[in-house]
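Here the structure is laid out as structure tokens; the discussion comes afterwards.
The values are calculated or read from the model by the stated rules, or taken from the named source; none is laboratory data. Remember, predicted model here, so these are calculated numbers, not experimental data. Counting neighbours? That spans all protein chains shown, and the Cβs are built from the backbone with ideal geometry, glycine included.
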Amino acid sequence: MKQVTQEDHFEKSSGTRGLSPHAAPEGFNGRKPWGLDAKGADVGDDPWAFDHGIRRSPAEGRDFEGAAVRRSPAEELVSKGYFLPYAKRRCEGEELRCGAYRYRLREDGTARLVSYEGSAEQVDIPAEVDGARVASLATNLFRGHAELRRVSMPDTVEFAGNHVFDGCVNLRSVRLSAALDQVDPTMFLQCGALAEVELPMPLVRLEGNSFSDAPVAHVVFGPLVEALDAKPLGLPHLERVTVDPANEAFSTDGRALLSRDGRHLYRLVVPCRSYEVPAGCTDVDERAFDSLDDLQEVALPEGVRRLGRMAFAKTGLSAVRLPASVEAVGEKAFYHCARLVQAHLPAGCREIGAEAFAFTALARAELPAGLEQLGFRAFDHTPAQARIGEGALGVSPANRCLDLDAEGGLYRHDVFLELIGQVESYRVRPGTHAVADEAFKRHAHVRAVELPEGVFSVGREAFRGNRQLVRVDLPESLERIGERAFLDTSLSTLRLSENVRSIGEDALLVQGDNQLMPRRPLQSISLDAANPVYYLENGLLCQRDGSKMGGDTCLLYVGPDDVVRIPRQVTHVASLAFCGASGVAELHLHGHLHSICNGAFSTARSIPLVHVEFPEPVDGYEAGEFRVPELSSRYRSPSYLFGAGPGGTAFDFEYYDSWVTHAATMREFAPAALYRLQHPMCLSDHTRGLYENIFQRKARQACRYFADQGDLDALAWLAGRGLLDDGAIEAELGTATREGRTQATACLLELQHRLMPAAGVDFSL
């Protein structure tokens, strides 16, 4: 059986996330069954379909990358010769009648039933009316027909409106169409007698309240059913399920859905307090018992080998005994089983997935003798984790692979795997050669870590998300730091030896990739000058020959320089190199930077002044000096101002002008706008007019700003081009005089003298 999960539909669908080979069906690309695109927007009658952002024609069987695209239930039935595809079209013509039904013909020749005027207790909705195929049922079609007891819907029906059977209080049995993509939540409102439902559609997906008013006791899965939504069916009164003998995917024991051969348990459908998995089952699939709150006891037979991802998550289990045959417990298999206090792990279990027992009530646990791999935070937030020092969580003495020390440090031979214990300071034991991926990730307590000599590698995301971490002592032997190793921590300084040869992407970006985070970035790096790969210059950590296009790479700004000049030998600026850098007052970019990553200059504050050299003169200018307004809700980073290519550094004048014209204050707008008018590089007539219009409309504010700065030349330049009128100058002069702003008053008086030298201006105060 193919079990469709929530993640499959709304996130990634490729790859197997659980341990069962059936947990992520091959070829299912997560197509949303409600006519939505990859972002959830209604595509309506658009002749194109969307599959995770890949736009494809419905006539094509493969996406633009050549992968097979899963067909909708209607398309699947068409391929098997059941009926022609239905497309929504406007109703044309008058309302017609056929027997007890009124209908309308649509443009494509199909019929839509709009009303039912009969009074029969058993109704077989016709597949045709007057030779037209019935493809749609209108809203309220059978609403209020209390006489109805049984209804059968033909497989030609692809769409059923709201409240189709609302108020059919005596309706006891219904068979739905195999072509329906979903069962509308309002379809069976006030159907308090509905006890049996047949679901023949290839993909069974029920809204949580599809049968909220109906005490459905029996569900029949038809011969075409091949996939089941992983969410509970939401049928609290269900007593048994039946699978059509012709179904090639499913079998059942009356309560659960299993594979045809009985080897895979896909989903417990019937709510119950106790369940015994049938003998012969080898795999409990992803989400098989997920979110069944009332389930308190499960008996697993000998022969079960694997428990899939979230197989028993959020159930009411208080104890579980895994048979000796179990080899792997999947990711989050018992996640958030709040009442689970006992779990027997067999000696032959080789793998326990990430967070397998997290947020349970396990008081004691022993990692079995055969365990080879323990997933990240497998016993997180459990009483056993809190009492490691007392022996509540340990490793079997027979295990020759893993070792757990008294502080909760887990080792595999000479590799440190994970800090499970809740300690504030931890020293990795001598003899360790590597720190594994995610070893200290998101640890809530540890503040200081010391790595011994001999450690040559720190893995990917080893300390990521540990916001309490303020100190890490790195040894001289360290050669490699993995990607995002210290991301989102509270480190302020690091010491790197001459032996460091590899620093992964964003490894030293301690404050995280969120440019609005209030915490400070890495403040200093101590680097041995003998290091042949990395060096410090102008407050920048750089890598020699780190660019694929030749030249060095600027990795990270670590300060304390406030005037930062990108070294001439640097041709590439890495992603988020200046993220969070608040101490940069001036940034100088030379003209032959070949690559600037998007987000390289993301910062909590704008870099106030940027000097840019152009690879080729721009309107006669070889360089430009640009004042960058402070961040606003629309413009969050100066990164978007810069681009680069084979020719060197480029500057986006259009984006910059848009930013400046949206500046919030005259202090931000005036100097930048004045420079653009005085140095009109790539300045269009429209933008020039916009700048001048702003100056004219806000002449008083501009006059006040430049007068307070004592910038007489700026005032004279604006006045000479008619952007400051005499009225604004005189008004601001009077205000400055009354407020006692001496410098502004003197500046404005001198401006009047320059503009009107014969007027005999009195300079006395």
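For the stretch 397-430, how many residues meet the condition of being aliphatic (A, V, I, L, M), free of Cβ contacts under 8 Å to residues at least 40 places away in the same chain and not in a strand (DSSP E or B)? Lay out the reasoning, then the answer.
Let us first name the residues in the stretch 397-430 that are aliphatic (A, V, I, L, M), namely 398, 402, 404, 406, 410, 415, 417, 419-420, 423, 428.
Retained after the next criterion (residues that are free of Cβ contacts under 8 Å to residues at least 40 places away in the same chain): 402, 404, 406, 410, 415, 419, 423, 428.
Restricting the remaining residues to those that are not in a strand (DSSP E or B) gives 406, 423, 428.
Residues meeting the conditions: 3.
Being more than 21 Å from A378 (Cα to Cα) and hydrophobic (A, V, I, L, M, F, W, C) is the filter here; which residues of the stretch 273-297 pass it?
V277, A279, C281, L292, L295 - these are the residues of the stretch 273-297 that are more than 21 Å from A378 (Cα to Cα) and hydrophobic (A, V, I, L, M, F, W, C).
So that you can scan it fast, the table gives a plain yes or no per residue for (1) closer than 19 Å to I596 by Cα; (2) over 33 Å from the mean Cα position of the chain (by Cα); (3) modelled with pLDDT under 95:
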{"residue": "F486", "(1), (2), (3)": "no, no, yes"}
{"residue": "I503", "(1), (2), (3)": "yes, no, yes"}
{"residue": "L509", "(1), (2), (3)": "yes, no, yes"}
{"residue": "I525", "(1), (2), (3)": "no, no, yes"}
{"residue": "A529", "(1), (2), (3)": "no, yes, yes"}
{"residue": "Q543", "(1), (2), (3)": "yes, no, yes"}
{"residue": "M549", "(1), (2), (3)": "yes, no, yes"}
{"residue": "C554", "(1), (2), (3)": "yes, no, yes"}
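Return yes when V164 is of a type outside the set (G, A, S), within 30 Å of E226 (Cα to Cα), touching an Asp or Glu at 6+ places or on another chain (Cβ under 9 Å) and in contact (Cβ under 8 Å) with a residue 12 or more places away in the chain and no when it is not.
Working: of a type outside the set (G, A, S): yes; within 30 Å of E226 (Cα to Cα): yes; touching an Asp or Glu at 6+ places or on another chain (Cβ under 9 Å): yes; in contact (Cβ under 8 Å) with a residue 12 or more places away in the chain: yes.
It is true that V164 is of a type outside the set (G, A, S), within 30 Å of E226 (Cα to Cα), touching an Asp or Glu at 6+ places or on another chain (Cβ under 9 Å) and in contact (Cβ under 8 Å) with a residue 12 or more places away in the chain.
Does V304 satisfy the condition of being within 18 Å of L258 (Cα to Cα) and assigned to a strand (DSSP E or B)? Step through it out loud before you land on a result.
Values: within 18 Å of L258 (Cα to Cα): yes; assigned to a strand (DSSP E or B): no.
So V304 fails the test.
Which of the residues spanning the stretch 123-133 are in a loop (DSSP other than H, G, I, E, B) and within 18 Å of V197 (Cα to Cα)?
The first filter runs over the stretch 123-133 and keeps only residues in a loop (DSSP other than H, G, I, E, B), leaving 125-127, 130-131.
Correct list: I125 only.
Residues in the stretch 454-466: is at least one assigned to a strand (DSSP E or B), surrounded by 23 or more Cβ atoms within 10 Å (Cβ to Cβ) and of a type outside the set (S, T, N, Q)? Walk me through how you get there before you give the answer.
Here is the first cut: in the stretch 454-466, the residues assigned to a strand (DSSP E or B) are 457-458.
With the extra rule that they be surrounded by 23 or more Cβ atoms within 10 Å (Cβ to Cβ), the set shrinks to 458.
Still in the list and also of a type outside the set (S, T, N, Q): 458.
Yes.
Of the residues that sit in the stretch 90-129 and are of a type in the set (D, E) and over 24 Å from G144 (Cβ atoms), which one is surrounded by the fewest Cβ atoms within 10 Å (Cβ to Cβ)?
Step one: of the stretch 90-129, the residues of a type in the set (D, E) are 92, 94-95, 107-108, 117, 121, 124, 128.
Next, only the ones that are over 24 Å from G144 (Cβ atoms) stay: 92, 94, 107-108, 128.
Working: E92: 9, E94: 7, E107: 12, D108: 14, E128: 13.
The residue in question is E94.
One line per residue, one yes/no per condition, for (1) outside any loop (DSSP other than H, G, I, E, B); (2) over 43 Å from the mean Cα position of the chain (by Cα):
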{"position": "L113", "(1), (2)": "yes, no"}
{"position": "S119", "(1), (2)": "no, yes"}
{"position": "A135", "(1), (2)": "yes, no"}
{"position": "T139", "(1), (2)": "no, no"}
{"position": "H145", "(1), (2)": "no, yes"}
{"position": "V157", "(1), (2)": "no, no"}
{"position": "V164", "(1), (2)": "no, no"}
{"position": "G167", "(1), (2)": "no, no"}
{"position": "L171", "(1), (2)": "no, yes"}
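Checking the condition at pLDDT below 90 and polar (S, T, N, Q), which residue from Q190, Q122, Q182 passes?
Values: Q190 fails: at pLDDT below 90; Q122 fails: at pLDDT below 90.
Criteria check complete, one pass: Q182.
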